[in-house]
Structure formats: C-alpha cells, structure tokens
Amino acid sequence: VQLQASGGGLVQAGGSLRLSCSASGRTVSNNGMGWFRQAPGKEREFVTAISWNGGSILYTDSVKGRFTSSRDRAKNAIYLQMNSLKPEDTAVYYCAASRYALGSRDSRDYVTWGQGTQVTVSS
C-alpha cells in the first residue's frame, strides 16, 4: 500500500486546514490509521489515531478540541481537520497505516508511512 498526504500549506494563526491521506495499492479499511508530525529539530510526535471503523479516536493533548480525525472507508482515505491553528502546530504531517485495527500512539505500530505534507502557521 502507498499513502499520499495532501492539504498542507501556509495559514495564519487561528486559521484552518484539512489534511487528506489517500491509500492506493490495497485497502486500508481494516487498519488503524494515524497522523504524526515532525517540527524542525524535533522528534516525530503523535497527533491522532483512528480505528478501522472510526469508532475509537485518540488525540494528543495539545490538539484536543482543535483537530478532528475522520475516515472514509469507501474512499480508502483519512482526514485531519485542523482548526484554531497555532504557530506551534507548524510541522511536516505524516499519515501512517497501523499493523493493527486500532490506532495507537506508538509509531512502531505503523508499517506504512506517507511522504508528509508541510503545515506552516504564521503568527
């Protein structure tokens, strides 16, 4: 399977962006999926994860109430709606497919990664 993330860009603080991640090659409808991000000079960090059916969603504390994770199994895609963006959200955002049906915070559970999409939030 290949993952293609898109939707990043430059936005002012307080603005919104919607990231998409499309899978090709095979279905990921039975995989937990996640979003991670990596800011310059920092370690990659967990953002959110969604279970195979969307019934279980995890968020890191810093994005709770601002970001919303969703998926469309028919389209073989996941989405990340990001509202009230802050400069500290600036990073390359990666989507990933888990080896498990439930998403998790541990990057080691993810076996396939997309190429990343840049999100830049100006103050």
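The values are calculated or read from the model by the stated rules, or taken from the named source; none is laboratory data. As the structure is a prediction and not an experimental result, all values here were calculated from the model. In this analysis, Cβ positions are derived from the backbone assuming ideal geometry, glycine residues included, and neighbour counts consider all displayed protein chains. Heavy atoms of the whole protein, side chains included, go into the accessibility calculation; ligands, DNA and RNA do not. Shrake-Rupley method; radii C 1.70, N 1.55, O 1.52, S 1.80 Å.
Name every residue in region 69-91 that is without any contact (Cβ under 8 Å) to a residue 60 or more places away in the chain and within 16 Å of Gly116 (Cα to Cα), in order of residue number. Walk me through it before giving the result.
Taking region 69-91 and keeping what is without any contact (Cβ under 8 Å) to a residue 60 or more places away in the chain, we get 69-78, 88-91.
Result: Ala77, Ile78, Asp89, Thr90, Ala91.
Restricting to region 35-52, name every residue that is among the hydrophobic types (A, V, I, L, M, F, W, C) and surrounded by 15 or more Cβ atoms within 10 Å (Cβ to Cβ).
Residues satisfying the conditions are Trp35, Phe36, Phe46, Val47, Ala49, Ile50, Trp52.
Kindly indicate the residue of region 103-114 that is assigned to a loop (DSSP other than H, G, I, E, B) and at pLDDT 95 or above and also surrounded by the most Cβ atoms within 10 Å (Cβ to Cβ) among those meeting that condition.
Looking at residues that are assigned to a loop (DSSP other than H, G, I, E, B) and at pLDDT 95 or above, I get Gly114.
Does region 20-33 contain at least one residue that is touching a strand residue (DSSP E or B) at 6+ places or on another chain (Cβ under 7 Å), touching a residue at least 40 places away in the same chain (Cβ under 8 Å), open to solvent by less than 70 Å² (accessible area, probe 1.4 Å) and within 18 Å of Gly65 (Cβ to Cβ)?
no
What number of residues in region 77-95 are surrounded by fewer than 18 Cβ atoms within 10 Å (Cβ to Cβ) and of a type outside the set (Ser, Thr, Tyr)? Lay out the reasoning, then the answer.
Within region 77-95, the subset surrounded by fewer than 18 Cβ atoms within 10 Å (Cβ to Cβ) is 81, 83-84, 86-88.
Cutting the leftovers down to of a type outside the set (Ser, Thr, Tyr) gives us 81, 83, 86-88.
The total comes to 5.
Tell me which residues, restricted to region 1-19, are surrounded by fewer than 17 Cβ atoms within 10 Å (Cβ to Cβ) and at pLDDT 95 or above.
Gln2, Gln4, Ser6, Gly7, Gly9, Leu10, Gln12, Ala13, Gly14, Gly15, Ser16, Arg18
Can you tell me which residue in region 53-74 is surrounded by the fewest Cβ atoms within 10 Å (Cβ to Cβ), limited to those that are touching a strand residue (DSSP E or B) at 6+ places or on another chain (Cβ under 8 Å) and assigned to a loop (DSSP other than H, G, I, E, B)?
For region 53-74, the residue satisfying everything is Ser56.
Can you tell me how many residues within region 12-52 are under 16 Å from the mean Cα position of the chain (by Cα) and either closer than 14 Å to Ser98 by Cα or not in a loop (DSSP other than H, G, I, E, B) (or both)? Write out each step before concluding.
Looking only at region 12-52, we keep the residues that are under 16 Å from the mean Cα position of the chain (by Cα), and these are 16-23, 28-29, 31-39, 43-52.
Still in the running and either closer than 14 Å to Ser98 by Cα or not in a loop (DSSP other than H, G, I, E, B) (or both): 17-23, 28-29, 31-38, 45-52.
Number satisfying all stated conditions: 25.
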